[in-house]
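Coordinate-derived values only; no laboratory data. Note that this is a predicted model, so its numbers are computed, not measured. With ideal geometry, Cβ positions are generated from the backbone for all residues, glycine too; neighbour counts draw on all protein chains shown.
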Amino acid sequence: MAVTKAEQRLCERLRLCGDEAQALLHAMHAGDAGRIAVALSPRAPQGYEPPFACADASDFPWLPARVRIPAVGERPTQYPDYKAGMYYVLDLSSCWEGAALSALPRTPERSLDMCAAPGGKTVLLAAQTELRDHTANEVNAARRGILRQNAGRCGLPNTRVTGLRPEQWARSGELFDLILADAPCSGQSLLCKGIKNPGCLGAATVRGNAKRQRGILLAAVRCLAPGGYLLYTTCTYDPEENERTVAYLLRRVDGFMACEVASLAAYRTALADFPAYRLLPHHGAGAGGFCCLLKRDNK
Ligand SMILES: C[S@@+](CC[C@H](N)C(=O)[O-])C[C@H]1O[C@@H](n2cnc3c(N)ncnc32)[C@H](O)[C@@H]1O
């Protein structure tokens, strides 16, 4: 396997060496680490099970209760139940990121998914808690259309779809007690799913994404009610877009702390001095991702 300088740099930045570095590089080259999951939607009644074979959930102790992992070879979108909106198909790694919501102490009264399209994290939220007053926001008009379709298909209750930019949210005066910021990122994990993503390891790409993510987070915290929670997630590996972006926020804004997520303890990153979690392809739950749950203090 011929390793590029950019790949080598990534391993160094992640402080991966030996077998771990080899495993990441192998996954990036093989492109076969992707794995899908399905989140049961509010349309699926209690006791509903999808009409296809699923993997044993006990192998994934962090898996939210209303998420299933189709057995290898199953194609969940081929069943009428998919069209009927009983479930939403997404990456298993996305479900791992969303599992951080298990640390929320109560059902949010008002929630905002700031980067919501096509709708995976919003459906995951609905799979884990009641949606009482939810906003699914997407800046890109075409993607917003898909988000609207998915929200309708999955029967998301009490949900409005909006298209404000982060700085518009920051000025809106609206407050939420849960905000999801599943930020646009360099998408390095796409490589491990066999999807070409030229330049995703480049320093300029990473820097540009980190800058945009910081802007999104700074806007998000202005919409967070006292005592509220902010879940930051990405599907990329570079620490600049993950640990360092959260560290930047914690430096810049007073009154925030990163929360422990007991179900993800095994994935705690060593690259931060606060609780945050990273998944890599060789952990066996898809192509990987990052998550950090932040809490605003009560003042
Ligand atoms: C990782 S995707 C979100 C995936 C979605 N949360 C899901 O689970 O299905 C990031 C989204 O952020 C949107 N986006 C791009 N630039 C943005 C910006 N500057 N501010 C807010 N959102 C942005 C993209 O259009 C994209 O839909």
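Please report, to two decimal places, log10 I(q)/I(0) for segment 58-112 at q = 0.30 Å⁻¹ as given by the Debye formula with identical point scatterers on the Cα atoms and no solvent.
-1.27
Which of the pairs Lys121/Lys295; Lys5/Lys196; Lys211/Lys299; Lys5/Lys193; Lys121/Lys211; Lys121/Lys193 have their Cα atoms more than 24 Å apart in this structure?
As for pairs spanning more than 24 Å Cα to Cα, those are Lys211/Lys299.
Work out how much length Asp59 to Ala84 would gain on full extension: take 0.36 nm times their residue separation and subtract the Cα-Cα distance, in nm to one decimal.
Working: separation 25, 0.36 × 25 = 9.00 nm, distance 2.89 nm.
Going from the current span to full extension adds 6.1 nm.
When the dipole is taken about the Cα centre of the chain, and only Lys, Arg (+1) and Asp, Glu (-1) are charged at their Cβ, what size is it in debye, to the nearest 20? If you can, show how the numbers build up before the last one.
Values: 36 positive and 29 negative charges, 193 e Å.
Rounded to the nearest 20 debye, it is 920 debye.
Place a point 7 Å from the Cα of Arg212 along the Cα-to-Cβ direction; which residues of segment 237-258 have their backbone N under 14 Å from it?
241, by backbone N distance to the label point.
How big is the convex hull of the Cα atoms of segment 76-147, per residue, in Å³?
On the way: hull volume 7.3 nm³, N = 72.
Considering the Cα atoms of segment 76-147, their hull volume per residue is 101 Å³.
With a cut-off of 8 Å between alpha carbons and a minimum separation of six or more residues, what is the relative contact order of the chain in percent? Write out the running numbers ahead of the final one.
Details: 621 pairs, mean separation 61.8, N = 299.
It rounds to 21 percent for the chain.
Mean residue ellipticity at 222 nm from the helices of the chain, using -39,500 (n - 2.57) per DSSP H segment of n ≥ 4 over the full residue count, to the nearest 500 deg cm²/dmol? List each step's numbers first, then the result.
On the way: 9 runs with 91 residues, N = 299.
Helix-only estimate at 222 nm: -9000 deg cm²/dmol.
Could you give log10 I(q)/I(0) at q = 0.21 Å⁻¹ for segment 9-117, computed by the Debye formula over C-alpha point scatterers of equal weight, without solvent?
Debye output, listed in q order: -1.22.
Among Ser186, Ser172, Ser102, which one moves the most in a GNM of the chain with springs linking Cα atoms closer than 10 Å?
Ser172
Straight distance only, please: which aspartates and glutamates reach the Cα of Lys83 with their own Cα at less than 17 Å, same-chain residues fewer than 8 apart left out?
Within reach: Glu49, Glu74.
For segment 244-299, what ratio Rg/Rh do Cα atoms give with a Kirkwood hydrodynamic radius?
On the way: Rg = 12.4 Å, Rh = 12.2 Å.
Across segment 244-299, the Cα-based Rg/Rh ratio is 1.02.
So, in Å, what gap is there between the alpha-carbon centers of segment 59-98 and segment 16-55?
9
Which semi-axes, in whole Å and largest first, does the equivalent ellipsoid of the chain have when worked out from the alpha carbon gyration tensor as the square roots of 5 times its eigenvalues?
Details: eigenvalues 147, 128, 61 Å².
Semi-axis lengths for the chain are 27, 25, 18 Å.
How would you classify segment 146-213 from its alpha-carbon gyration tensor, with a ≥ b ≥ c the square roots of the eigenvalues: rounded for a/c under 1.5, else prolate if a/b is greater than b/c, otherwise oblate?
On the way: a/c = 3.13, a/b = 1.46, b/c = 2.14.
Judged from the Cα gyration tensor, segment 146-213 comes out oblate (a/c at least 1.5, b/c at or above a/b).
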